[in-house]
Amino acid sequence: YRRIVVNLICRRFHHLVDPDKAARIDDYLKLLAFRMQERNIRNIDLGEAKQLLKKIFPQGEGTPPQYNRKIDSLFEEIEPRCGLLKRPGEGEVEFLHLTFQEFLAARHMLYMELDYNQFLTKPWWEETILLYTGLVNREWKDRANRMVKDILTLEHKDARVLHRLWLLGAKALRDIRAYKRDSKVSHLAIEKLLTVIPSELPLTDRFEAVEILGLLDDPRIKENPMVKVAAGEFIMGGEEYDDEKPMHK
């Protein structure tokens, strides 16, 4: 996502006279995405979108009518050219896909150094939190591990909310490359996942907990009782495996 967004903005809005233009448009898209995430919305009124543009391109010299025309013109340049926005209906604008909105909101949080804790218990923010952790991990391995540890050690009166937080922390750790994971944090995540699996969370969440546990090193798996299977190609369901017959991929 980072490469896509950076390439789109830099290549399409590079301006010799105004070298900061591309960076400011990037700042605008991050702010727009964050404000939409805050309100749990997929689309926003054009008027509101243009008001946010004024925060990035403030009024200098000139009368209000001239300034407003400039903002209108700038928005009409950004919306079709940036490759990240679309108009679902008259007088509205939205991101081409929700994941772009979530990613840009995460970048806004990182650049503005906002406190992510205020969003941890809000399901709407889960993907943004995971993307935020990934962005942190790109530059600060230790900080990303500390963030995961903080999530895994949070306390909450509601067991269901607590289990969701632990699963969120485990997901964030999963997205950190293995060689960058702190071993103590990994052991903590394993401990929490073993509690999440038999919890009352929906089956899909518990299944994901099992999957992550397998990636981190499931302590329940013992080598001794495991059954060895001959090497070869297999299919899901259908015919039984027979090494005398050719297998269909």
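Rounded to the nearest percent, how much of the accessible area of the chain (1.4 Å probe, protein heavy atoms only) is carbon and sulfur? Kindly include the intermediate steps, with their values, before the conclusion.
Numbers: 7900 of 15450 Å².
Accessible surface attributable to carbon and sulfur in the chain totals 51 percent.
When the expected Rg is taken as 2.2 N^0.38 Å, what fraction or multiple of it is the alpha-carbon Rg of segment 57-170?
Numbers: Rg = 19.0 Å, N = 114, 2.2 N^0.38 = 13.3 Å.
My calculation over the Cα atoms of segment 57-170 gives 1.43.
With r as the distance between the Cβ atoms of Arg12 and Thr204 and R0 = 41 Å, compute the FRET efficiency 1/(1 + (r/R0)^6) and round to 0.05. Kindly include the intermediate steps, with their values, before the conclusion.
Working: r = 39 Å, r/R0 = 0.95.
Once rounded, the FRET efficiency stands at 0.60.
Tell me, what are the semi-axes, in whole angstrom and largest first, of the equivalent ellipsoid of the chain as set by the roots of 5 times the Cα gyration tensor eigenvalues?
Numbers: eigenvalues 393, 107, 59 Å².
Over the Cα atoms of the chain, the ellipsoid semi-axes are 44, 23, 17 Å.
What list of ³J(HN,Hα) values in whole Hz, one per residue of segment 221-233 in order, does the Karplus curve 6.51 cos²θ - 1.76 cosθ + 1.60 (θ = phi - 60°) give from phi, with Gly and Pro shown as x?
Values, residue by residue: 7, 10, 5, 4, x, 6, 9, 7, 10, 4, 5, x, 9 Hz.
How many nm separate the modelled label positions at Met112 and Glu79, each set 7 Å beyond the Cα in the direction of the Cβ?
Simple spin-label model gives 2.3 nm for this pair.
On a 0 to 90° scale, report how tilted helix 126-139 is relative to the longest principal axis of the chain, with both axes built from alpha carbons and the result rounded to the nearest 10.
Approximately 90 degrees, to the nearest ten.
Calculate, in nm to one decimal, what Tyr179 and Arg143 gain on full extension: separation in residues at 0.36 nm each, minus their alpha carbon distance. Provide the component values of the computation, followed by the final result.
Numbers: separation 36, 0.36 × 36 = 12.96 nm, distance 1.48 nm.
Here the segment from Tyr179 to Arg143 would lengthen by 11.5 nm.
Measure nothing fancy, just the Cα-based angle from helix 203-216's long axis to the longest principal axis of the chain, in degrees from 0 to 90, nearest 10.
So the inclination is approximately 80 degrees.
Looking at Ala105, Ala178, Gly83, which one has the Cα that reaches farthest to the positive end of the dipole of segment 76-182 (charges on Cβ: Lys, Arg +1; Asp, Glu -1)?
Ala178
Relative to the longest principal axis of the chain, what angle (0 to 90°, nearest 10) does the C-alpha long axis of helix 46-56 take?
80
Please give the residues of segment 148-166, grouped as numeric ranges, whose backbone N is less than 15 Å from a label point set 7 Å along the Cα-to-Cβ vector of Asp218.
none
Express the accessible area of segment 1-151 per residue in Å², computed with a 1.4 Å probe while the remaining protein chains stay in the model.
On the way: 8180 Å² over 151 residues.
Result: 54 Å² of accessible area for each residue.
Would you calculate, for the chain, the mean residue ellipticity at 222 nm contributed by helices, counting each DSSP H stretch of 4 or more residues as -39,500 (n - 2.57) and dividing by all residues, to the nearest 500?
On the way: 10 runs with 144 residues, N = 249.
Helices in the chain give a 222 nm mean residue ellipticity of -19000 deg cm²/dmol.
Roughly how many Å² of Asp175 are accessible to a 1.4 Å probe, to the nearest 10?
For Asp175, the solvent-accessible surface is approximately 80 Å².
Quick check on my link table: of Lys171/Lys192; Lys184/Lys228; Lys122/Lys180; Lys141/Lys222; Lys122/Lys149, which ones sit more than 21 Å apart, alpha carbon to alpha carbon?
Values: Lys171/Lys192 12 Å; Lys184/Lys228 32 Å; Lys122/Lys180 27 Å; Lys141/Lys222 31 Å; Lys122/Lys149 19 Å.
Over 21 Å apart, Cα to Cα: Lys184/Lys228; Lys122/Lys180; Lys141/Lys222.
In debye, nearest 20: dipole of segment 1-136 around its Cα centre with unit charges on the Cβ of K, R (+) and D, E (-)?
Values: 20 positive and 20 negative charges, 60 e Å.
With Lys and Arg at +1 and Asp and Glu at -1, about 280 debye.
The values are calculated or read from the model by the stated rules, or taken from the named source; none is laboratory data. It should be emphasised that the depicted structure is a prediction, and the values quoted were computed from it without experimental measurement. Cβ atoms come from the backbone with ideal geometry, glycine included; neighbour counts cover every protein chain shown. Only protein heavy atoms, including side chains, enter the accessible area calculation; ligands, DNA and RNA are left aside. Shrake-Rupley method; radii C 1.70, N 1.55, O 1.52, S 1.80 Å.
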